[in-house]
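All of the numbers you see were taken from the coordinates with simple rules; none came from a lab. Small disclaimer: the values here were computed from a predicted structure and weren't measured. Cβ coordinates were reconstructed from backbone atoms using ideal geometry, including for glycine residues, and neighbour counts include every protein chain displayed.
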Amino acid sequence: MVAWKNLDTLDSYRELAGTKGSVDLARVMSGESGAERVRKYALPMAAGLTYSYAAKCVDDGILEKLAALAKEAQLSEKFEELYNGAVINLTENRRVLHQLTRGQLGGQVMADGVDKRAFYKGEQEKIAAFAKKVHAGEITNENGEKFNTVVQIGIGGSDLGPRAIYLALENWAAANHTLKMQARFISNVDPDDPVGVLHGVDLAHALFIVVSKSGTTLETLTNESFVKDALQKAGLDVSKHMLAVTSETSPMAKNSGYLAAFFMDDYIGGRFSTSSAVGNAVLALAFGPEVFARFLEGMAEEDRLSACTDPLKNPAMLDALISVYERNVLGYPVTALLPYSQALSRFPAHLQQASMESNGKSVNRFGEAVDYCTGEVLFGEPGTNGQHSFYQLLHQGTDVIPLQFIGFRKSQNEEDVEVEGSTSQAKLCANVAAQMVAFACGKEDENPAKRFAGQRPSSIIIGEQLTPEACGALLAHYENKFMFQGFLWNVNSFDQEGVQLGKVLAKRVLAHDTDGALKEYASLFGI
Ligand code: F6P
């Protein structure tokens, strides 16, 4: 029987809280003990990745306490309930089924009279068949010509994940001769967004996918109209260019004006929807369905690891436990995500939503205020670019910000150059290794301005190359980490009521139903 309890009511958490500041990173990461930690504190992940946590403020004693916390908080049992189809999302009275899009961890999940795994697989097959026809020139524009570009129109979860993964694999696909179509994305209701994208697209040969789970998102519906208008003005047949991805119950599902429609459902939260039709349609059109299947395989393999009941052998669970230790015991509110991979340039933006929309809550699952900190602030940029931007604060600022590095031994392309005795890829890798030691160990100096305090924890996920499988494993790792964090904080990670108030007030501004400060602010914009 699973018991949902607040973090601060757990004995193991109270015990953990008594260990504050017990690991001196500068000491343990120096010399041979540092080398030994790097060898010891590493866990295999899916797709040949490794989660290395040697530079975190943990030792065997703290790890033991974290494992006890995982057991008392029943993290594995809660995950098991989730993947077996329990109504985990209490406020919206919904199951949470995104893992079912990439595998079946538990028993058959029946909902609304259907086997949900079969439903998701059915949509994947429909999308694969459609994408193959587009690539083969069997589905064409009004002049019988092949499409060369796919443009996704969506926002939040209907944009960030698919966009991040497209960018992550675009160069890999080009290098592996499987880039079938260019993909572009329109998300912002700022008209400069669609205008900018449409100017760079050959409209006559573009397919547009309108993606909205709810089918009611103002930005997306506005941008759909923007694009339809552009197609009409160009004398093109709108019905030959527009696809839909939505849930079967949304208003968009009733619109017969689309060339094709693919479905997800209410059991998949927007920010967890990359592995559903939301990411599938654009990624299968861009790279081919086989590449999307490989991406899903990486996710499924990582999900299986996340179901491991030993917390010290479960990378997502351990990552979540260490992060809660950092947030709640060491008192660090921010985490930086630093991929040393240009292809992962939008991955931090996607994880911002996945983490902060999931765990930015002040009440527990039952609506009671919690007395401890929850969701971390997440931000990030690829290295080495970030080094020349905000690392000054990370190294010498007054706040300690835990760091999550990601790195690969090989680039996605063969091309490289040797300058001053090393390749670009070697320089990239050397930098990430250097940063981890610099952050942990710091440096003494007579001049205080040149002193590095060290004691700034980091972890790294490291792999051979950013392939579709590695990309899937990375995404599933973080999705599962945020889920485990939510279990520990006892919040509902699957609703997002905090986004509603602003939407309601914006509607009032547009309806000229304002007073006080709202009226004044609106008038500053001439509305
Ligand atoms: O406003 C927040 C949100 O509901 C996100 O949770 C979601 O990812 C995004 O809007 C887009 O929603 P939809 O896919 O329904 O258009």
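Tally the DSSP beta bridges in the chain and give the antiparallel ones as a percent, rounded to 5. Among the beta bridges of the chain, antiparallel pairing accounts for roughly 30 percent.
Working from Cα pairs under 8 Å separated by at least six residues, relative contact order for the range 421-527 is 11 percent. Summed over qualifying helices (DSSP H, 4 residues or more, each -39500 (n - 2.57)) and divided by its residue number, the chain shows a 222 nm mean residue ellipticity of -13000 deg cm²/dmol.
A straight line joining the Cα centroids of the range 96-133 and the range 372-435 runs 37 Å.
For the range 98-294, a simple Cβ point-charge model (Lys and Arg +1, Asp and Glu -1, everything else neutral) yields a dipole of about 500 debye relative to the Cα centre. Sorted fewest first by neighbouring Cβ atoms within 10 angstrom, L510, L488 come out as L510, L488.
Positive-end ranking of F263, L510, N223 along the dipole of the chain, with charges on Cβ about the Cα centre, is headed by F263.
Counted by Cβ distance under 10 Å from Y13, the other residues give a net charge of -1, where Lys and Arg count +1 and Asp and Glu count -1.
Taking label points 7 Å from Cα along the Cα-to-Cβ direction, A17 and V377 give a separation of 2.4 nm.
For the range 338-353, 3J(HN,Hα) computed residue by residue from phi via the Karplus equation (6.51, -1.76, 1.60; θ = phi - 60°) reads 10, x, 8, 6, 4, 4, 8, 4, 9, 5, x, 5, 5, 5, 4, 5 Hz, glycine and proline entered as x. Equivalent ellipsoid of the chain: semi-axes from √(5λ) of the C-alpha gyration tensor, largest first, are 39, 28, 24 Å.
Other residues whose C-beta falls under 9 angstrom from the C-beta of M45 contribute a net charge of -2, scoring Lys and Arg +1 and Asp and Glu -1.
Against the main long axis of the alpha-carbon atoms of the chain, helix 277-287 sits at an angle near 80°. Panel note: the C-alpha atoms of the range 41-125, placed on their principal axes, show extents of 49, 31, 21 Å (largest first).
Near H350: Cβ cut-off under 13 Å, other residues only, Lys/Arg at +1 and Asp/Glu at -1. The net charge is 0. Neighbour counts of other Cβ atoms within 10 Å put R346, R14 in the fewest-to-most order R14, R346.
Over all directions, the projected convex hull of the C-alpha atoms in the range 98-294 averages 10.6 nm² in area.
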